[in-house]
Amino acid sequence: MSELKYFKTVKEIPREDRFAKGHRLCAGCGAAIAMKLAMKAVRGPTVVVNATGCVEVATTCYPYSAWAVPYIHVAFENTAAVASGIIEANRILNKKRGWKLYDVIAIGGDGGTFDIGLQALSGALERGHNLLYICYDNEAYMNTGIQRSGATPLGAATTTSPAGTIIPGKPQRKKDLIGIAVAHRIPYAATASIAYPIDYMNKIRKALEIEGPKVIHVLTPCVPGWRYSPSDTIKLARLAVETRYFPVYEVENGRVKITIKVDRPKPVEEFLKLQRRFAHLLKPENAHILEALKRGLEENWERLVKLEESGVII
């Protein structure tokens, strides 16, 4: 593997693309940006294991592929399991035949990670495979029709949690993926945003240098699912952080560190008003749901701050 090098400015980002142009992801797709940056952050020979989802269906349309690294498409539910097998086969072949070791990066969307693939991911984390798992989170099953997932936030409108007279959007809170991952006592887990590419790419570099299972959860706005203008993708990704809607932090050996500080948060309405999936929350009759969403976001931020300040191991 190449010597570890962290990025300081965007000028240091490699020009070489291992995630090529010409894929069929939407204009303004946050997941496409996340994949492009991830492939620029790899440190050497890498195998990508990718679950069914937006990224897979739009980047591997036979006979074409956007991936300039060895790539395997697997089902929603077994991404981490297949990656685990590849890692162990590589380790054994290295020991017996001197094959070079390579990095294995497993990639799944929120549906294939928070929900369908959670069992396989949990197993891989519990067994301790030297795996980097990246979840690109667009907060619903966007590839199959914008159905709600465990990552869909409170109040968001989807095709299976529509904002109407029966329910005003999804009635449940978003699942805590990093909390679940950290509960496995893994050495490294982190959140990231495509609006902060240096932070995101350095977390990938750090994770690859750490032995054992690692998880990175990156928020990736979705134009058709969130219903916004394609030109606002990075603006939304940044507002998600600036409003504390999506805190950016890492947990290394159980210790929390907030890597993007937000001392003076913007009103969360600035993030919500750009997306039609939240339009109903800005109406007077749904003010109680908006307040519940705000309360949950602030409680989560305060929890992370206390964990960071205390230095306790979680």
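The values are calculated or read from the model by the stated rules, or taken from the named source; none is laboratory data. Just so it is clear, the model here is predicted, and its values are computed rather than measured. FYI the Cβ positions are ideal-geometry reconstructions off the backbone, even for glycines, and counts take in every protein chain you see.
Quick notes on this one:
- Per the listing Met39, Met35, the residue uniquely touching a strand residue (DSSP E or B) at 6+ places or on another chain (Cβ under 7 Å), over 21 Å from Asn78 (Cβ atoms) and either assigned to a helix (DSSP H, G or I) or modelled with pLDDT of 95 or more (or both) is Met39.
- Any chance Cys26 is under 22 Å from Met142 (Cα atoms), in contact (Cβ under 8 Å) with a residue 60 or more places away in the chain and touching a Pro at 6+ places or on another chain (Cβ under 8 Å): yes
- Residues of the range 89-106 that are in a helix (DSSP H, G or I) and surrounded by 14 or more Cβ atoms within 10 Å (Cβ to Cβ): Asn90, Arg91.
- Close pairs from the range 228-241: first under 17 Å from Ala31 (Cβ atoms), partner at pLDDT 95 or above and in a helix (DSSP H, G or I), Cβ under 6 Å, at least 6 apart: Pro230/Val223; Thr233/Gly30; Ala240/Phe271
- Unique residue being closer than 25 Å to Ala151 by Cβ, of a type in the set (A, V, I, L, M, F, W, C) and without any contact (Cβ under 8 Å) to a residue 60 or more places away in the chain when the list is Ala66, Ala41: Ala66
- Only one of Thr165, Thr144, Thr159 that is in contact with a strand residue (DSSP E or B) (Cβ under 9 Å, 6 or more places away or on another chain) and either closer than 25 Å to Ala32 by Cβ or part of a loop (DSSP other than H, G, I, E, B) (or both): Thr159
- Any hit, the range 21-33, residues being under 21 Å from Leu131 (Cβ atoms), surrounded by fewer than 21 Cβ atoms within 10 Å (Cβ to Cβ) and charged (D, E, K, R): no
- Considering residues of the range 54-76 that are part of a loop (DSSP other than H, G, I, E, B) and polar (S, T, N, Q) only, the residue nearest to the chain's Cα centre (by Cα): Thr60
- Of all residues in the range 242-263, those being within 20 Å of Lys206 (Cβ to Cβ) and either aliphatic (A, V, I, L, M) or touching a residue at least 12 places away in the same chain (Cβ under 8 Å) (or both) number 15.
- Residues that are touching a Pro at 6+ places or on another chain (Cβ under 9 Å) and not hydrophobic (A, V, I, L, M, F, W, C), drawn from the range 211-234: Glu211, Gly212, Pro213, Lys214, Tyr228, Asp232, Thr233
- Which listed residue, of Leu118, Leu125, is closer than 15 Å to Asn50 by Cα, aliphatic (A, V, I, L, M) and in contact (Cβ under 8 Å) with a residue 40 or more places away in the chain: Leu118
- Unique residue being among the small types (Gly, Ala, Ser), assigned to a helix (DSSP H, G or I) and more than 19 Å from the chain's Cα centre (by Cα) when the list is Gly85, Gly111: Gly85
- Condition check for Ile186: aliphatic (A, V, I, L, M), surrounded by fewer than 19 Cβ atoms within 10 Å (Cβ to Cβ) and either outside any loop (DSSP other than H, G, I, E, B) or in contact (Cβ under 8 Å) with a residue 12 or more places away in the chain (or both): no
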